[in-house]
2 protein chains.
Amino acid sequence: MKTTIYQVAQEAGVSISTVSKVINDTGRISEETRKKVKKVMKELNYQPSVVASALTGKQTKVIGLLIADISNPFYAEVARQIENRSRERGFHVMMCSTDNEEEKEKNYLSLLTRQRIDGLIVASAFHNTDVLAKVIQNQKYPVVMIASDIPKLPIHSVRVDDYQGSYLAASHLVQLGHKRIAIIAENIRSNHQRVTGYKDVLGEYDLPLLEEYMVQTEATNEKGYEAAKQLLSLENRPTAIFAGNDLLATGIIKAAKGLNLDVPKQLSVVGFDNTILSTVLTPALTTVAQPIREMGSKVVDLLIEEMEQPSKYKQRLLFTPELIVRESTASWDRK
Amino acid sequence: MKTTIYQVAQEAGVSISTVSKVINDTGRISEETRKKVKKVMKELNYQPSVVASALTGKQTKVIGLLIADISNPFYAEVARQIENRSRERGFHVMMCSTDNEEEKEKNYLSLLTRQRIDGLIVASAFHNTDVLAKVIQNQKYPVVMIASDIPKLPIHSVRVDDYQGSYLAASHLVQLGHKRIAIIAENIRSNHQRVTGYKDVLGEYDLPLLEEYMVQTEATNEKGYEAAKQLLSLENRPTAIFAGNDLLATGIIKAAKGLNLDVPKQLSVVGFDNTILSTVLTPALTTVAQPIREMGSKVVDLLIEEMEQPSKYKQRLLFTPELIVRESTASWDRK
DNA sequence: TTGAAAGCGCTAACAT
DNA sequence: ATGTTAGCGCTTTCAA
């Protein structure tokens, strides 16, 4: 049925250890036997079993990826970059969508551990940090984070400078003359940072920080829609809304349309992530871009480095965000 | 370091085979020892190694997924549904984006085989069907397809009725009074069917089939944009364009805007897939919906069935498409 | 009801 | 330069 190393050895008239050596390019083998063995492997269409070799302590060549939601365009893009880079480095990716729910996070974590992954990339909330902390303590495999971070855990992380990104976005709005700026964000760490940036900007410009202008909700366009509808029906409604991500911004623009408010004339909207949605929307969305490609590639490299040689200190990489001004923001002159 | 079955056995004062039996719920074990063993497993935080058990011939609990592009919203949605259902059934998903390129398809196939997956779900073109045919012949694991099909291969497949879907879409346009209807589609099997449906409708209504109205290109909004720009600069330009998928439709609408053509007044556009893009676009896109959730769930069930009990005949399931009329299509009165 | 032992396919000393 | 052999952690007869 399945060809094993024994059959190759027999057919080639050598021992299995010789075959093993030519497979892994270890030890010293004469050019002659190497060729013969390789030839037989071809003929028999032999594929070494990763399972068997993993059992002897070698790598499984599988990286686990815990990601919030693969059907969210931002995460899909992140996942794709991670997959690309992993493949270049000879690894596979096992993807798990957690919806940022603790139950799923736990569940997947335990399943992945059983599977003997070589490393784990996390792009999920882990509101309960203990769950992840345990995995790190166990040290069965290295863990790195992307697009999020947990300061109190000793872990490499790669993300955009959320604070700076939101600082750019909020400043942009203020400089356009907006004074009543609301924010709709998600309850995850990256978004908390974005809220902080927003608050700081408003503070610097002596603009009032209204509780009712700060909404926390889930990252779907429906939720963005609802939150925006509520904000826009306020007596003193905002003239600009900063969204924690493009998906929310999408919902906001929809809500504005539903209320017959012109974007950007009557309402400016800024998003975050620069996903495909931002270019597709009408008006095209002003948003904060993250260098997803570089980040995805880097996080894989960091993980593999860590597998080869655990570092004593942890890197927290902050990539630089860029404000992409499109059509959804305009100046606000009225008093 | 890692707890093994031996340590559990020792701690519980039984043999490893006894432990194995309580893990797998096989053989006859007294309630008493079962409890004791379970207790020890908890205490030692024992996680059976899937790798070791796979080596003895059991399942790896991993399903491979060969998908065109996980960052395309349609495939992302498909992937998410497959992941959800797989998880419910106790399986993991190893995702591989192929971009419909033969090299990547081959490459991933060989890697997945080494990894000893239990089954494979394919949502990739396989223009070279031999590559996939070989995998099926080898019978190392069952293979099923989703959102595509290869008629000449003995394989379960789950897809929407592409012909009917495009028939609906094209009829809709004809009934709105359009006579100059173009189509931009991708070079994959599902899209070929969609083109056929389009042709048949035009034929039935005695509308001319112009070569220049049929464009084949890749599934990105950029390509859709380019193709549309070309179509719309034709002397006798189409009054409606049917897109093989929403991503292409997105590009078409953008092109129309660039040329200052009003959609739908001066140009009607129909998409396919009913992804998030179709609701986000302005005007909202008339498109053909696929029951992705059901399809994803079904394909996983089919695969698992096949793992348990290979069937002698193959099922080709056609789900019913639904035309969702939104704002991008309007009647055409002018002669 | 339980345990001993062979074996899954491979790697890595250790011999030769 | 090549082969022998002892595991890796688990499942599964077969005995007891």
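The values are calculated or read from the model by the stated rules, or taken from the named source; none is laboratory data. These numbers come from a predicted model, not from an experiment. Positions of Cβ are generated from backbone atoms using ideal geometry, with glycine treated the same way; all protein chains shown enter the neighbour counts.
For the reader, a short list of remarks on this structure follows.
- Across the range B:1-15, the qualifying residues are those that are under 46 Å from the mean Cα position of the chain (by Cα) and away from chain A (no Cβ under 14 Å), and the one among them that is nearest to DNA strand C (Cβ to nearest atom) is B:Ala9.
- Hits in the range A:142-158 (condition: surrounded by 20 or more Cβ atoms within 10 Å (Cβ to Cβ) and either modelled with pLDDT under 95 or in contact with a Lys or Arg (Cβ under 8 Å, 6 or more places away or on another chain) (or both)): A:Met145, A:Ile146, A:Ala147, A:Ser148, A:Asp149, A:Ile155, A:His156, A:Ser157, A:Val158
- Check on A:Asn84, part of a loop (DSSP other than H, G, I, E, B) and polar (S, T, N, Q): no
- Candidates B:Lys21, B:Lys42, filtered to the one that is without any contact (Cβ under 8 Å) to a residue 60 or more places away in the chain, charged (D, E, K, R) and more than 9 Å from DNA strand D (Cβ to nearest atom): B:Lys42
- The one condition in (1) within 9 Å of DNA strand D (Cβ to nearest atom); (2) more than 20 Å from B:Asp118 (Cα to Cα) that A:Ala54 fails to fulfil: (2)
- Some residue of the range A:237-252 being within 13 Å of chain B (Cβ to nearest Cβ) and among the polar types (S, T, N, Q): yes
- If the condition is being more than 8 Å from every other protein chain (Cβ to nearest Cβ) and not in a helix (DSSP H, G or I), then the range A:114-132 contributes A:Ile117, A:Asp118, A:Gly119, A:Leu120, A:Ile121, A:Val122, A:Ala123, A:Ser124, A:Ala125, A:Phe126, A:His127, A:Asn128.
- Applying a threshold of 6 Å to beta carbon distances and a minimum spacing of six or more residues, or different chains, the list of pairs starting in the range A:45-59 at a residue that is under 19 Å from A:Ala12 (Cα atoms) and touching a residue at least 24 places away in the same chain (Cβ under 8 Å) and ending at one that is part of a helix (DSSP H, G or I) and more than 6 Å from DNA strand C (Cβ to nearest atom) reads A:Tyr46/A:Val8; A:Gln47/B:Thr113; A:Gln47/B:Arg114.
- Boolean, B:Phe74 is more than 8 Å from chain A (Cβ to nearest Cβ), under 9 Å from the mean Cα position of the chain (by Cα) and buried (at least 23 other Cβ atoms within 10 Å of the Cβ): yes
- Candidates in the range A:90-113 are the residues that are charged (D, E, K, R) and part of a helix (DSSP H, G or I); of these, the one that is nearest to the other protein chains (Cβ to nearest Cβ) is A:Lys104.
- Meeting the requirement of 3 or more residues that are in contact with a helix residue (DSSP H, G or I) (Cβ under 7 Å, 6 or more places away or on another chain) and closer than 25 Å to A:Ile276 by Cα, the helices (runs of 4 or more DSSP H) wholly within the range B:146-234 are B:221-232.
- The listed residues are A:Arg80, A:Arg89, and the only one of them that is away from DNA strand D (no atom under 16 Å from the Cβ) and out of contact with any Ser or Thr (no Cβ under 7 Å at 6 or more places or on another chain) turns out to be A:Arg89.
- Tally of residues being buried (at least 18 other Cβ atoms within 10 Å of the Cβ), farther than 25 Å from B:Lys58 by Cβ and hydrophobic (A, V, I, L, M, F, W, C) across the range A:1-58: 8
- Any hit, the range B:175-182, residues being closer than 19 Å to B:Val325 by Cα, under 21 Å from the mean Cα position of the chain (by Cα) and at pLDDT 95 or above: no
- In the range B:107-132, the residues that are among the polar types (S, T, N, Q) and touching a residue at least 40 places away in the same chain (Cβ under 8 Å): B:Gln115, B:Ser124
- Tally, over the range A:290-334, of residues that are surrounded by 13 or more Cβ atoms within 10 Å (Cβ to Cβ) and small (Gly, Ala, Ser): 4
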